[in-house]
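Beneath this line is the structure, given in structure tokens, with notes to follow.
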Ligand code: UT7
């Protein structure tokens, strides 16, 4: 059976670390509050001269190196991001240029924290239909530039970075078994960036005065929906493949909040301290579309996934968007 398989993974994070103690110095918060409410201890922050494309290109080079293929061999580049270098052209095109993927079509995909799973789903379909043989899927964000550093409800949560995966066609047993993507647009204004699009353009002075170009979030609402949606997405993947949670070797959930991660895992019968649950949120915070590919790369490079393992990915984000992917490693 023809399917797609991840043959290389890579990630790239800024060197600059912002700890909870650093945040205590700029807003009214505490390490204790952030740790107990979110599980986050520190996050990485892009420095001047570093952009979404900077991290995306480096993560891509590392993924290509692991896959052992040249950038020229890529047919398609899909980049999930809500913090592109520019409104246009697509950051994917900048990455294409930087890595020398001269034969690839390249586009950005806006699905917030579900961006990588949406990208994986499209890449998988391109490969299964025979329209592409080698696809690069990237999640990359510089959220620190759309975070309101005066808003303690949101600024403690987010971080910058990128992860990437190379997908190739395979006829073996391993690879992507299924992907499922969902949206619920009735909550579009629960987690969003009100300004700097064309409703509230940055060219309008009031947009800047009202601080509309920063992330706005109804945290409690998002929290409740996140747990339910990630469970739904994960269960859909298992049912579609005739599996139960006992068949899952590793669960890699979107890294938004430790309480969301633990609640999702619990609903799948996986305890918070189970080695089958992957968590790196304490180090990076919520990197939106980059969170899952960074996690896959870490899990891959540290030997957390072995040949034949069933790896379950589940994400949830602004839109709302959500989704899952089940991979036989
Ligand atoms: O990537 C997917 C999208 N994002 C998410 O999944 C995030 C979802 N939401 C969350 O993770 C949580 O809702 C938050 C971490 C954002 C907030 O946690 P919470 O337990 O829902 O807290 P809360 O918003 O109910 O606030 C509780 C209290 C409030 O004080 P009062 O009104 O009870 O006096 C807040 O003002 O905590 C206060 N608070 C803070 N205190 C210290 C809010 N932020 C902070 C802070 N430091 N940084």
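The values are calculated or read from the model by the stated rules, or taken from the named source; none is laboratory data. The structure presented is a predicted model; accordingly, all values stated were derived computationally and were not measured. Cβ atoms come from the backbone with ideal geometry, glycine included; neighbour counts cover every protein chain shown.
Among 106, 101, which is the only one that is touching a helix residue (DSSP H, G or I) at 6+ places or on another chain (Cβ under 6 Å), in a loop (DSSP other than H, G, I, E, B) and modelled with pLDDT of 95 or more?
Numbers: 106 fails: in a loop (DSSP other than H, G, I, E, B).
Within the list 106, 101, the selection yields 101.
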If we keep only residues of segment 288-318 that are touching a helix residue (DSSP H, G or I) at 6+ places or on another chain (Cβ under 6 Å) and more than 15 Å from residue 6 (Cβ to Cβ), then the residue surrounded by the fewest Cβ atoms within 10 Å (Cβ to Cβ) is 318
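Okay, residues lined up against (1) within 17 Å of residue 85 (Cβ to Cβ); (2) in contact with a helix residue (DSSP H, G or I) (Cβ under 7 Å, 6 or more places away or on another chain); (3) more than 16 Å from the ligand (Cβ to nearest atom):
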| site | (1), (2), (3) |
| --- | --- |
| 3 | no, yes, yes |
| 19 | no, no, no |
| 28 | no, no, no |
| 37 | no, no, no |
| 49 | yes, no, yes |
| 67 | no, no, yes |
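I'd like to know if segment 165-182 contains one or more residues that are within 15 Å of the ligand (Cβ to nearest atom), at pLDDT 95 or above and not assigned by TED's automatic domain parsing to the domain that holds residue 123.
Residues of segment 165-182 that are within 15 Å of the ligand (Cβ to nearest atom), as a first pass: 182.
In the following step, the residues that additionally are at pLDDT 95 or above were identified as 182.
Those still in the list that are not assigned by TED's automatic domain parsing to the domain that holds residue 123 too: 182.
Within segment 165-182, one or more residues are within 15 Å of the ligand (Cβ to nearest atom), at pLDDT 95 or above and not assigned by TED's automatic domain parsing to the domain that holds residue 123.
Go over the candidates 139, 130, 119, 159 one by one and state the one that is surrounded by 24 or more Cβ atoms within 10 Å (Cβ to Cβ) and within 19 Å of residue 175 (Cβ to Cβ).
On the way: 139 fails: within 19 Å of residue 175 (Cβ to Cβ); 130 fails: surrounded by 24 or more Cβ atoms within 10 Å (Cβ to Cβ); 159 fails: within 19 Å of residue 175 (Cβ to Cβ).
Testing whether each residue is surrounded by 24 or more Cβ atoms within 10 Å (Cβ to Cβ) and within 19 Å of residue 175 (Cβ to Cβ) leaves just 119.
Results for (1) part of a loop (DSSP other than H, G, I, E, B); (2) in contact (Cβ under 8 Å) with a residue 60 or more places away in the chain; (3) farther than 17 Å from residue 281 by Cα; (4) assigned by TED's automatic domain parsing to the domain that holds residue 295, shown as yes or no for each residue.
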| site | (1), (2), (3), (4) |
| --- | --- |
| 9 | no, yes, yes, no |
| 26 | yes, yes, yes, no |
| 29 | yes, yes, yes, no |
| 32 | no, no, no, no |
| 40 | yes, yes, no, no |
| 43 | no, yes, no, no |
| 47 | yes, no, yes, no |
| 57 | no, no, yes, no |
| 94 | no, no, yes, no |
The residue from 256, 233, 265, 226 that alone is within 16 Å of the ligand (Cβ to nearest atom), within 21 Å of residue 23 (Cβ to Cβ) and under 19 Å from the mean Cα position of the chain (by Cα) is 256
- Message: Among the residues of segment 239-253, are any surrounded by 14 or more Cβ atoms within 10 Å (Cβ to Cβ), touching a helix residue (DSSP H, G or I) at 6+ places or on another chain (Cβ under 6 Å) and farther than 22 Å from residue 296 by Cβ?
- Response: no
If you go through 313, 326, the only one that is under 16 Å from residue 234 (Cβ atoms) and more than 16 Å from the ligand (Cβ to nearest atom) is 326
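For every residue, the table says whether it meets (1) in contact (Cβ under 8 Å) with a residue 12 or more places away in the chain; (2) surrounded by fewer than 16 Cβ atoms within 10 Å (Cβ to Cβ); (3) in a helix (DSSP H, G or I).
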site: 64; (1), (2), (3): yes, no, yes
site: 72; (1), (2), (3): yes, yes, yes
site: 83; (1), (2), (3): yes, no, no
site: 88; (1), (2), (3): no, yes, no
site: 114; (1), (2), (3): yes, no, yes
Across (1) touching a strand residue (DSSP E or B) at 6+ places or on another chain (Cβ under 9 Å); (2) crowded, with 19+ Cβ neighbours inside 10 Å; (3) in the same structural domain as residue 289 (by TED's automatic domain parsing), residue 212 clears everything bar (1)
